[in-house]
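Asker: The structure's right below; bear with me while I get my questions together.
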Amino acid sequence: MSYRAPVAVALDAPDLETAARWADLVTPYVSTVKIGLELYLRYGPEAVTSIRGASGVQVFLDLKLHDIPATVAGAARAVARLRPGILTVHAAAGPAAIRAAVQAAPDTQIAAVTVLTSLGDDDLAAIGMAGPTRDAVRRLAVLSVAAGATGLVCSPREVAVLRAEVGPDITLITPGIRAAGSDAQDQARVSTPEEALGAGADLLVIGRPITGAPDPGAAAAAVGTSLRRLLAASG
């Protein structure tokens, strides 16, 4: 099999047909496709089965479950039959909720979302969470790993700190990836793909820089080529 970059393309499309088309274009070049809340709520399990298709690409089901433990367990159990590679739970739901998801979906990697990449220090203060952001991310990461999460979602700016904190065996997933000089849009804490991978990220979430390109397949291929060169140089 040809090289597939450690990238999860966020298929934030208005309809399933568009999302499936994007998936077909990018899956030769990336390891993972990400299905978010909007697409899943609109199409349900069909979103996963249609987008996975025959490619066998890993599906990252980014539902960010955040509820009492019994409800999180029920939701995780319900989607586990779709065989997602990764399922997200908000770390702020607490250790019992994370543990419930891990137990309910034993064949799916549970990734805990620390602090959304759209939030900065002022936002944390406004919602009453002790900051600064880096400290909040670290606290939530430690809590999540202790509860059984084997993946963490954090911004690229916290990757190096978390890698030192949780060690090499936890998968660090980083949204907020933008090409150098591009618009950060609604993200507050961003980085380039090369910077994030160099800091120790395992899986880069990239959406609009790929799906908004005139040719999403070519854009995914270009990112893959750049990351392959970086990995070759560092190896």
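The values are calculated or read from the model by the stated rules, or taken from the named source; none is laboratory data. The structure displayed is predicted, hence computed values, not measured ones. Note that each Cβ is placed from the backbone with ideal geometry, even for glycine, and that neighbours are counted across all protein chains shown.
Asker: When the residues of the stretch 110-145 are filtered to those that are β-branched (Val, Ile, Thr) and within 16 Å of Leu172 (Cα to Cα), which remaining residue is surrounded by the most Cβ atoms within 10 Å (Cβ to Cβ)?
Answerer: Val115
Asker: Scan the stretch 151-177 and report the pairs whose first residue is free of Cβ contacts under 8 Å to residues at least 24 places away in the same chain and whose second residue is in a helix (DSSP H, G or I) and small (Gly, Ala, Ser), with Cβ atoms within less than 7 Å and a gap of 6+ or a chain change.
Answerer: Final answer for the pair search is none.
Asker: Continuing with this model, one more query. Return the only residue of Leu41, Leu65 being surrounded by 17 or more Cβ atoms within 10 Å (Cβ to Cβ) and either of a type in the set (A, V, I, L, M) or in contact with a His (Cβ under 7 Å, 6 or more places away or on another chain) (or both).
Answerer: Leu65
Asker: Select, from Arg21, Arg42, Arg77, the only residue that is assigned to a helix (DSSP H, G or I) and under 22 Å from Gly224 (Cα atoms).
Answerer: After applying the criteria, what remains is Arg21.
Asker: Go through (1) at pLDDT below 90; (2) of a type in the set (Val, Ile, Thr); (3) part of a strand (DSSP E or B) and name the single condition Ile173 misses.
Answerer: If we test Ile173 against (1) at pLDDT below 90; (2) of a type in the set (Val, Ile, Thr); (3) part of a strand (DSSP E or B), just (1) comes out false.
Asker: While we're on this one: Name every residue in the stretch 96-144 that is β-branched (Val, Ile, Thr), in contact with a strand residue (DSSP E or B) (Cβ under 7 Å, 6 or more places away or on another chain) and assigned to a helix (DSSP H, G or I), in order of residue number.
Answerer: Ile98, Val102
Asker: Could you list, in sequence order, the residues of the stretch 80-95 that are outside any loop (DSSP other than H, G, I, E, B) and under 14 Å from the mean Cα position of the chain (by Cα)?
Answerer: Ile86, Leu87, Thr88, Val89, His90, Ala91
Asker: Which of the residues spanning the stretch 204-218 are among the aliphatic types (A, V, I, L, M) and touching a residue at least 40 places away in the same chain (Cβ under 8 Å)?
Answerer: Leu204, Val205, Ile206, Ile210
Asker: Restricted to the stretch 146-158, and to residues that are modelled with pLDDT under 95 and touching a Lys or Arg at 6+ places or on another chain (Cβ under 6 Å), which residue is surrounded by the fewest Cβ atoms within 10 Å (Cβ to Cβ)?
Answerer: Looking at the filtered set, the residue picked out is Arg157.
Asker: While we're here: Identify all residues within the stretch 219-235 that are over 20 Å from Trp22 (Cα atoms), out of contact with any strand residue (DSSP E or B) (no Cβ under 6 Å at 6 or more places or on another chain) and in contact (Cβ under 8 Å) with a residue 60 or more places away in the chain; write none if there are none.
Answerer: Hit for the stretch 219-235 is Arg228, nothing else.
Results for (1) surrounded by 16 or more Cβ atoms within 10 Å (Cβ to Cβ); (2) more than 17 Å from the chain's Cα centre (by Cα); (3) part of a helix (DSSP H, G or I); (4) modelled with pLDDT under 95, shown as yes or no for each residue.
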residue	(1), (2), (3), (4)
Asp183	no, yes, no, yes
Ala188	yes, no, no, yes
Glu194	yes, no, yes, yes
Ala221	yes, yes, yes, yes
Thr225	no, yes, yes, yes
Ala233	no, yes, yes, yes
